[in-house]
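The values are calculated or read from the model by the stated rules, or taken from the named source; none is laboratory data. Since the structure is predicted, the reported quantities are computational estimates derived from the model, not experimental observations. Cβ atoms come from the backbone with ideal geometry, glycine included; neighbour counts cover every protein chain shown.
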Amino acid sequence: MRVAFIGLGNMGKPMSRNLVRAGHQVTGFDLVPAAGAYLLAQGGQVADSAVAAAAGADVVISMLPTSEHVRDLYFGRGALVAHIAPGTLLIDSSTISISVTRELASEVRKNGCAMIDAPVSGGTLGAEAGTLTFMVGGEATDLERARPLLEAMGKNIVHAGSNGAGQTAKICNNMLSGICMIGTTEALALGIANGLDPKILSDIMRTSSGTNFALQRLNPYPGVMPEVPSSRDYQGGFRTDFQLKDMLLAVQLANESKTLATLGSVACNLFSIHCDNGYAALDYSSIMLMMDKALAAAASRTK
Ligand code: NAD
């Protein structure tokens with residue numbers, strides 16, 4: 001298939017490369033010109049605008065930071081939807097607001113094209129390995145058109161419902177993973193403050209009832225897992241300001257639907273403070289640093 005890939009950042013780079021490897025003709029575009037070099041080296045093409053990348057494409061995939069970026073691409077400065085051929089399928093894999101997704105899908109339909117929301121889970125490691133989970137919202141027939149592409153980038157492709165349902169699932173998931181990450185750092189800090197070795201404690205909790213994704217794949221304590229962000233000064237991975245964006249979307253959704261997000265709100269506030277303290281660009285497991293500071297303060301009070 002001829003594919004335009006817009007947004008060649010931490011996720012877009014490996015995802016677009018996996019499409020090339022699966023035999024698709026991929027033309028990428030990123031606002032930062034240097035971001036295209038990797039795709040070019042992998043056998044893809046690079047264009048100098050989103051409209052140029054999408055010329056002749058069957059499908060346009062976007063992997064952008066926020067709702068505002070996707071809106072700007074489709075109908076703002078990017079002016080993409082006004083220029084693509086009728087029948088083109090738009091796949092937005094960014095994590096963005098549910099209401100914005102629904103509004104964009106409706107506008108795209110009015111322009112004779114189709115859109116599905118297909119946000120992902122699995123992080124940069126899943127993107128590299130081609131094992132992402134895609135949570136899809138939209139028409140089943142549009143998902144079937146997208147399926148060969150999604151299968152080139154992911155392992156689990158789940159149809160969650162109509163437009164916005166993919167984003168709803170993603171936001172629920174990220175609220176839970178944010179809560180689990182903070183809970184894990186609190187438990188580790190408690191054990192360490194009371195004389196336990198972080199690796200031994202992690203191994204015990206990983207195989208006990210407290211187990212979760214942070215303990216299994218993304219341990220937040222430096223040195224416990226050599227290949228994860230905590231062991232390289234929290235560089236790479238999933239930025240804390242993106243985690244905060246997703247938690248804010250979850251809290252907003254809970255308010256709109258009058259459901260409880262009690263722990264979600266607390267976790268959201270902690271990520272917000274952590275970003276304000278200067279850690280926004282680090283992986284979200286860096287919330288461990290907040291617990292380390294609390295540990296140090298507690299230790300100095302008892303001296
Ligand atoms: P990133 O910041 O690394 O990459 C985004 C890229 O989009 C940047 O290179 C930026 O220059 C480009 N961009 C912005 N506006 C553009 C436009 N109008 N046209 C072309 N390019 C544009 O972000 P990322 O980590 O790749 O994440 C992208 C999305 O995926 C976010 O919504 C994020 O929440 C979600 N996500 C990220 C991860 C992760 O682990 N990084 C995991 C799951 C979901």
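Structure values in brief
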read-out	value
Among residues of the range 78-98, those that are farther than 30 Å from Asp283 by Cβ and either within 11 Å of the ligand (Cβ to nearest atom) or basic (Lys, Arg) (or both), counted	2
Sole residue being polar (S, T, N, Q), farther than 18 Å from Leu143 by Cβ and out of contact with any helix residue (DSSP H, G or I) (no Cβ under 7 Å at 6 or more places or on another chain), chosen from Ser93, Ser49	Ser49
Hits in the range 31-71 (condition: surrounded by fewer than 17 Cβ atoms within 10 Å (Cβ to Cβ), among the β-branched types (Val, Ile, Thr) and more than 11 Å from the ligand (Cβ to nearest atom))	none
Meets criteria (within 13 Å of the ligand (Cβ to nearest atom), outside the structural domain of Leu253 (by TED's automatic domain parsing) and not in a helix (DSSP H, G or I)) for Thr101	no
Residue among Leu190, Leu125 that alone is assigned by TED's automatic domain parsing to the domain that holds Ala296 and either in a helix (DSSP H, G or I) or away from the ligand (no atom under 14 Å from the Cβ) (or both)	Leu190
Residue ID - farthest from Leu89 (Cα to Cα), chosen from residues in the range 1-30 that are more than 9 Å from the ligand (Cβ to nearest atom) and of a type in the set (S, T, N, Q)	Asn18
Checklist (1) surrounded by 13 or more Cβ atoms within 10 Å (Cβ to Cβ); (2) not in a helix (DSSP H, G or I) applied to Asp292, failing item	(2)
Residue match in the range 254-271 (condition: assigned to a helix (DSSP H, G or I), among the β-branched types (Val, Ile, Thr) and either over 25 Å from Asp117 (Cβ atoms) or at pLDDT 95 or above (or both))	yes
Qualifying residue in the range 132-139 (condition: at pLDDT 95 or above, in contact with a helix residue (DSSP H, G or I) (Cβ under 8 Å, 6 or more places away or on another chain), assigned to a helix (DSSP H, G or I) and not aromatic (Phe, Trp, Tyr))	no
Pairs with Cβ under 8 Å, 6+ apart, first in the range 144-156 and in contact (Cβ under 8 Å) with a residue 60 or more places away in the chain, second of a type in the set (Lys, Arg)	Ala152/Arg21
